Amino acid sequence: MQKCTRCGKKAVIHRKYEGSYLCSSHFIKAIESKAKRTIRQSGMVDRGDKIAFALSGGKDSSAVMYLINKVFANRDDLSFVAFTIDEGIPGYRDESIEIAKKLCSKLGIEHHIFSFKDEFGMTLDEKVKESKKSKKWEGTACTYCGLARRWMMNKKSRELGATKVCVGMNLDDEIQGIMMDYLKGDISRLSRMTGEPLSKNKLFVSRIKPFRDIPEKEVGLYAILVGLDVQEDECPNLEGPRFRVRDFLNEFEANSPGIKFSTANTFKRLAPAIREVAKKEGTKLIKCTKCGEPSSQKVCKTCELWKQ
Ligand code: SF4
């Protein structure tokens, strides 16, 4: 039995990247301190903020909501609200909606459910079938889903009066996104990953990611150790190049522990230069002529795929 490097109790995790073993209570403390440090260093939470949690019912979004609710329990100036987006993925989303509802009721957080069906007139499954039939198919279900989710996340947070929208994105999600943007050469999106918008736009609700420096496996273990009931099944539509990037990074990390942190840290060091290049290339935000949401084109990509 391996022992905790800090207290000698039974260890629950071996952090290869820093050569330490941690017991349950030291691990929980380490995760909460790290998330608090990320929040403080990036100024993610301001006085009087209303934080909307984009809660899917999976481990990341459930754990981040639990953690923020716990570490800011004495901040009367903050208020919280949560919402779940129902894409309409039979046999998958129904379970996570129930989990999300229960967690919100346990923590006393107001919860809303918004669906693709109400917003776009059809579920994701219906959209996929329709697009394939009309030969307008663009890539994978995730292309349609990801765009619509981000669009709704911003719009619904704003409608709920939130000043920030909190997502459960972890270190793995973060570097997968960075690698994908590099591979596609998408400087505009890459600059948005730096955490600072190129231009302030009051239609945008700032997105905060307190788990951005915490590996996915550790978020999962934290969720288990604090007793959260989370959805374990993966979405049946999960496919596309992003997941090949995920597998590549996991394989790399297994052979060279710490590579995920160094990828994220290099990106942070390059962030000012990336923002400069993006500014020079001049991606301007305007209002989409169809939906009125912020967009870099006359008609935003969400309207192009979902509303035309
Ligand atoms: Fe949507 Fe793809 Fe995520 Fe499933 S895996 S919820 S289809 S983005």
Determine whether the stretch 200-220 contains at least one residue that is exposed (fewer than 13 other Cβ atoms within 10 Å of the Cβ) and among the acidic types (Asp, Glu).
no
Find all pairs meeting these conditions: Cβ atoms under 6 angstrom apart; at least six residues apart or on different chains; first residue within the stretch 262-281 and closer than 18 Å to residue 38 by Cα; second residue at pLDDT below 90 and surrounded by 13 or more Cβ atoms within 10 Å (Cβ to Cβ).
271/194
Looking at the stretch 120-138, can you tell me whether even one residue there is touching a residue at least 40 places away in the same chain (Cβ under 8 Å), open to solvent by 20 Å² or more (accessible area, probe 1.4 Å) and closer than 14 Å to residue 56 by Cβ?
no
Can you give me the number of residues within the stretch 239-289 that are open to solvent by 60 Å² or more (accessible area, probe 1.4 Å) and part of a helix (DSSP H, G or I)?
21
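Working only within the stretch 91-111, note down all residues that are open to solvent by less than 50 Å² (accessible area, probe 1.4 Å) and closer than 12 Å to residue 55 by Cα.
93, 96, 97, 99, 100, 103, 104, 109, 111
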Candidate set from the stretch 55-66 (those that are outside any helix (DSSP H, G or I) and in contact with an Asp or Glu (Cβ under 9 Å, 6 or more places away or on another chain)); member that is most open to solvent (accessible area, probe 1.4 Å)
58
In the stretch 139-159, the residues that are away from the ligand (no atom under 14 Å from the Cβ) and open to solvent by less than 30 Å² (accessible area, probe 1.4 Å):
154, 156, 157
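Mind listing whichever residues of the stretch 8-20 are open to solvent by less than 60 Å² (accessible area, probe 1.4 Å) and in a loop (DSSP other than H, G, I, E, B)?
Result: 8, 11, 19.
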Output the qualifying pairs, or none if there are none: Cβ atoms under 8 angstrom, residues six or more apart or on different chains, first residue in the stretch 55-70 and in contact (Cβ under 8 Å) with a residue 24 or more places away in the chain, second residue of a type in the set (D, E, K, R) and part of a helix (DSSP H, G or I).
57/95; 57/98; 60/173; 60/216; 67/32; 70/32
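Got a sec? Which of 307, 260, 287 is out of contact with any helix residue (DSSP H, G or I) (no Cβ under 8 Å at 6 or more places or on another chain) and more than 16 Å from the ligand (Cβ to nearest atom)?
After applying the criteria, what remains is 287.
Could you tell me whether the stretch 233-256 includes any residue that is at positive phi and away from the ligand (no atom under 16 Å from the Cβ)?
No: zero hits.
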Provide a single number: the residues in the stretch 21-54 that are open to solvent by less than 60 Å² (accessible area, probe 1.4 Å), charged (D, E, K, R) and in a helix (DSSP H, G or I).
2
Residue 216: within 16 Å of the ligand (Cβ to nearest atom) and modelled with pLDDT of 90 or more, yes or no?
yes
Write out, first by first residue and then by second, each pair whose Cβ atoms fall under 7 Å of each other, whose residues are 6+ apart or on separate chains, and whose first residue, in the stretch 222-247, is touching a residue at least 24 places away in the same chain (Cβ under 8 Å) and within 15 Å of residue 59 (Cβ to Cβ) while the second is among the small types (Gly, Ala, Ser) and within 12 Å of the ligand (Cβ to nearest atom).
230/57; 230/58; 231/57; 231/58; 231/96
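The values are calculated or read from the model by the stated rules, or taken from the named source; none is laboratory data. Predicted model, so just to flag it, every value in this text is computed and none were measured. No Cβ is skipped: glycine too gets one built from the backbone with ideal geometry, and neighbour counts run over all protein chains shown. All accessible areas refer to the heavy atoms of the entire protein, side chains included, with ligands and DNA or RNA removed. Shrake-Rupley method; radii C 1.70, N 1.55, O 1.52, S 1.80 Å.
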